[in-house]
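J.: Could you have a look at this structure, given as structure tokens, before my questions?
The values are calculated or read from the model by the stated rules, or taken from the named source; none is laboratory data. Small disclaimer: the values here were computed from a predicted structure and weren't measured. Every residue, glycine as well, gets a Cβ built from its backbone with ideal geometry; the counts of neighbours run over all protein chains shown. Areas reflect the complete protein model, heavy atoms only, side chains present, ligands, DNA and RNA absent. Shrake-Rupley method; radii C 1.70, N 1.55, O 1.52, S 1.80 Å.
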Amino acid sequence: QVQLAESGGGLVQPGGSLRLSCAASGTIFSIATMEWYRQAPGKQRELVATLTSSGSTNYADSVKGRFTISRDNAKNTVFLQMNSLQPEDTAVYSCRWDLRVSITKRVQDYWGQGTQVTVSS
């Protein structure tokens, strides 16, 4: 059973930085896509950043130039470096991976439990 666990959230002042991590445990055969989502109170969940198996990245317009998604293949971990944070970045951030646990299994998506990011002075 694959499990994803986020860490790195917390309280930061406007203009500050945080780095979120999402680490996978369990057996993984291949990873197709790694993504970060966020959901603020009273708002719909938003796709923030995507990293594909080929290394392509994509970002929401609201975070372009400020957030960077990356991965550590050896540690089965994806990161979200967040710079120049603003109060509107306050949300619960969750990671989502599309992966296969074995060559005989289809691609399925897995979610982490989420980590709170609060940007406030």
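J.: Within segment 26-51, restricting attention to residues that are of a type in the set (S, T, N, Q), in a strand (DSSP E or B) and in contact (Cβ under 8 Å) with a residue 24 or more places away in the chain, which residue is farthest from T104 (Cα to Cα)? Explain how you work it out, then say what you get.
T.: Taking segment 26-51 as the starting set, the residues that turn out to be of a type in the set (S, T, N, Q) are 27, 30, 33, 39, 44, 50.
Remaining after also requiring in a strand (DSSP E or B): 30, 33, 39, 50.
The next check asks that each one be in contact (Cβ under 8 Å) with a residue 24 or more places away in the chain; those that pass are 30, 33, 39.
Values: S30: 11, T33: 18, Q39: 34 Å.
Result: Q39.
J.: Continuing with this model, one more query. Can you tell me how many residues within segment 84-114 are out of contact with any Ser or Thr (no Cβ under 9 Å at 6 or more places or on another chain) and free of Cβ contacts under 8 Å to residues at least 24 places away in the same chain?
T.: So the answer is 3.
J.: For T52, are the conditions met, namely being in contact with a strand residue (DSSP E or B) (Cβ under 7 Å, 6 or more places away or on another chain), polar (S, T, N, Q) and more than 17 Å from A5 (Cα to Cα)? Talk me through it step by step, then tell me what you get.
T.: Numbers: in contact with a strand residue (DSSP E or B) (Cβ under 7 Å, 6 or more places away or on another chain): yes; polar (S, T, N, Q): yes; more than 17 Å from A5 (Cα to Cα): yes.
Considered against the rule, which asks whether it is in contact with a strand residue (DSSP E or B) (Cβ under 7 Å, 6 or more places away or on another chain), polar (S, T, N, Q) and more than 17 Å from A5 (Cα to Cα), T52 comes out as yes.
J.: A follow-up question, please. Just checking, does segment 52-59 include any residue being over 27 Å from A40 (Cα atoms) and either at pLDDT 95 or above or surrounded by fewer than 13 Cβ atoms within 10 Å (Cβ to Cβ) (or both)? Show your work before the answer.
T.: Keep residues of segment 52-59 that are over 27 Å from A40 (Cα atoms), which gives 53-55.
Among the residues that remain, those that are also either at pLDDT 95 or above or surrounded by fewer than 13 Cβ atoms within 10 Å (Cβ to Cβ) (or both) are: 54-55.
Yes, segment 52-59 contains at least one residue that is over 27 Å from A40 (Cα atoms) and either at pLDDT 95 or above or surrounded by fewer than 13 Cβ atoms within 10 Å (Cβ to Cβ) (or both).
J.: Also, I was wondering about something else. Looking at V63 and the list (1) open to solvent by less than 70 Å² (accessible area, probe 1.4 Å); (2) within 19 Å of G8 (Cβ to Cβ); (3) touching a residue at least 24 places away in the same chain (Cβ under 8 Å); (4) assigned to a strand (DSSP E or B), which single condition is not satisfied?
T.: (4)
J.: Pairs only if they're at least six apart or on different chains, beta carbon under 7 angstrom, first in segment 67-83 and open to solvent by 40 Å² or more (accessible area, probe 1.4 Å), second modelled with pLDDT of 95 or more and part of a loop (DSSP other than H, G, I, E, B); list them, first residue then second.
T.: Between residues of segment 67-83 that are open to solvent by 40 Å² or more (accessible area, probe 1.4 Å) and residues that are modelled with pLDDT of 95 or more and part of a loop (DSSP other than H, G, I, E, B), the close pairs are N83/S17; N83/R66.
J.: Still on this structure, please answer the following. Please go through segment 86-108 and pick out each residue that is surrounded by fewer than 16 Cβ atoms within 10 Å (Cβ to Cβ), within 18 Å of G65 (Cα to Cα) and in contact with a strand residue (DSSP E or B) (Cβ under 7 Å, 6 or more places away or on another chain).
T.: Within segment 86-108, Q86, P87 qualify.
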